[in-house]
Amino acid sequence: MSTYFITGGAGFIGSSLSERLIKEGQKVVTIDNFCDFYNPKIKENNIKELEKNKNFKIYRADIREKNIIKKIFDENDIDIVVHLAAMAGVRPSIENPILYQEVNCLGTQNILEEMKLHGLNKLVMASSSSVYGNCKEIPFREDMIVDFAISPYAATKKANEVMTHVYHKLYNINVIMLRFFTVYGPKQRPDLAINKFTRLMLNDEEIPMFGDGTTSRDYTYIDDIVDGINGACRYVMENNNVYEILNLGNSAPVSLKEMINTIAEVVGVTPKIKRLPMQPGDVERTYADVSKAKKLIGYEPKISFKQGITNFVEWYKINKNLY
């Protein structure tokens, strides 16, 4: 049994990963601040079953609180850190860039400092496909230059990639940075398009479509993402002198129009479209080259977009009271 310290453990990805690890017989220590970015009751629901398990422990606190981070490292015999906690979302980061800088960068520094002080050298961390900005070349590869972020959120994620490299070089911390590509599935955050559009369609309301519907995203199902995180964790625990950046995507972009039509087909409605201009900070497309992740950690996405949407809609109908 290994002890995983997961930051953001009550969120969409964090709680899904925690469930998998607990099922596999691992121990999970986590932190989450249950902020009001969306209804905290959703996060409470995410972990209500996990809290019944003796191998799951949660600290209700913020990663900006250095004394709490120190307390967690002091009180637990941690084997590996999976750092997922962050202020998420491109558009909100434009409205409140200082908060994003504080949580995503200062919070990450607190984690790195405690790892250094406790001699812990295994880290898997969430980055984002947003670091690619509007790269013209597709698919996106990890060796591309990503110095041209178009949102504060993307800039904080690039900054984290650079800072973790510093700690790798200075303190021999083994790191895998995972660039997630638009994760969806059961428990997805309510502010994200698939969740939002499903809710609107079921309520017979208009769907806001920004742009002409040709923008595209490489939607990646939550189970595939959890598989990738697990693979990355195994790799950093079994190897030394590791610093890698890996794309975790589905390598099959879906246009906004296609996404709306797929949800409508699964829900069984004709969508009512409200056309709106493109939003600041939004990229035109994301498209992951996952060949490096496949080679290094055996990453192999399995869930098709339509199957993933079907799974999500079934889950949403059961849990819609949360939203």
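The values are calculated or read from the model by the stated rules, or taken from the named source; none is laboratory data. Because the structure is predicted, anything quoted here is derived from the model rather than measured. We place every Cβ from the backbone using ideal geometry, glycine too, and count neighbours over all the protein chains shown.
Within region 91-115, residues that are assigned to a helix (DSSP H, G or I) reach partners that are aromatic (Phe, Trp, Tyr) with beta carbons closer than 6 Å, at six or more positions or on different chains, in the pairs Ser93/Tyr100; Ser93/Tyr153; Tyr100/Tyr153; Leu112/Tyr167; Glu114/Phe73. Scanning region 64-86 for residues that are acidic (Asp, Glu) and either out of contact with any Ser or Thr (no Cβ under 9 Å at 6 or more places or on another chain) or outside any loop (DSSP other than H, G, I, E, B) (or both) turns up Glu65, Asp74, Glu75.
With Arg189, Arg179 as the choices, which residue is within 15 Å of the chain's Cα centre (by Cα), surrounded by 14 or more Cβ atoms within 10 Å (Cβ to Cβ) and at pLDDT below 95? Steps first, answer last, please.
Values: Arg179 fails: at pLDDT below 95.
Of the residues listed, the single one that is within 15 Å of the chain's Cα centre (by Cα), surrounded by 14 or more Cβ atoms within 10 Å (Cβ to Cβ) and at pLDDT below 95 is Arg189.
For region 36-48, a residue qualifies if it is touching a residue at least 24 places away in the same chain (Cβ under 8 Å) and assigned to a loop (DSSP other than H, G, I, E, B), and the qualifying residues are Phe37, Tyr38, Asn39. As a summary of the residue check, Ile225 satisfies the conditions (1) under 20 Å from Leu84 (Cα atoms); (2) part of a loop (DSSP other than H, G, I, E, B) except for the one numbered (2). Looking across Asn261, Asn240, one residue alone is out of contact with any helix residue (DSSP H, G or I) (no Cβ under 8 Å at 6 or more places or on another chain) and under 20 Å from Lys196 (Cβ atoms). It is Asn261. Within region 243-259, the presence of at least one residue that is part of a helix (DSSP H, G or I), closer than 29 Å to Glu19 by Cα and touching a residue at least 12 places away in the same chain (Cβ under 8 Å) is confirmed. Among the residues making up region 267-280, those that are closer than 21 Å to Leu202 by Cβ and not in a strand (DSSP E or B) are Val267, Gly268, Val269, Thr270, Pro271. When region 141-158 is limited to residues that are buried (at least 18 other Cβ atoms within 10 Å of the Cβ) and hydrophobic (A, V, I, L, M, F, W, C), the one that is farthest from Val124 (Cα to Cα) turns out to be Ala149. Checked across region 206-223, the condition of being at pLDDT 95 or above and of a type in the set (Gly, Ala, Ser) holds for no residue. Screening region 91-109 for residues that are farther than 14 Å from Asn33 by Cβ, β-branched (Val, Ile, Thr) and out of contact with any strand residue (DSSP E or B) (no Cβ under 7 Å at 6 or more places or on another chain) and picking the one that is surrounded by the most Cβ atoms within 10 Å (Cβ to Cβ) gives Ile94. Val283 meets all of the listed conditions (1) in contact with a Gly (Cβ under 8 Å, 6 or more places away or on another chain); (2) of a type in the set (Val, Ile, Thr); (3) part of a helix (DSSP H, G or I) but one, namely (3). Whether any residue in region 308-316 is free of Cβ contacts under 8 Å to residues at least 40 places away in the same chain and within 29 Å of Ile47 (Cβ to Cβ) is what I want to check. There is at least one residue in region 308-316 that is free of Cβ contacts under 8 Å to residues at least 40 places away in the same chain and within 29 Å of Ile47 (Cβ to Cβ). Given the criteria part of a loop (DSSP other than H, G, I, E, B) and surrounded by 12 or more Cβ atoms within 10 Å (Cβ to Cβ), does Pro301 qualify? For Pro301, the condition - part of a loop (DSSP other than H, G, I, E, B) and surrounded by 12 or more Cβ atoms within 10 Å (Cβ to Cβ) - is met. Scanning region 195-222 for residues that are in a loop (DSSP other than H, G, I, E, B) and within 24 Å of Lys302 (Cα to Cα) yields a total of 3. Restricting region 16-63 to residues that are buried (at least 24 other Cβ atoms within 10 Å of the Cβ) and of a type in the set (S, T, N, Q), which is farthest from the chain's Cα centre (by Cα)? Checked region 16-63; the qualifying residue farthest from the chain's Cα centre (by Cα) is Thr30.
Entry remark, region 1-23: residues being hydrophobic (A, V, I, L, M, F, W, C), closer than 25 Å to Val103 by Cα and outside any helix (DSSP H, G or I) number 3 in total. The single condition from (1) within 23 Å of Ser18 (Cβ to Cβ); (2) crowded, with 18+ Cβ neighbours inside 10 Å; (3) not acidic (Asp, Glu) that Ala288 fails is (1).
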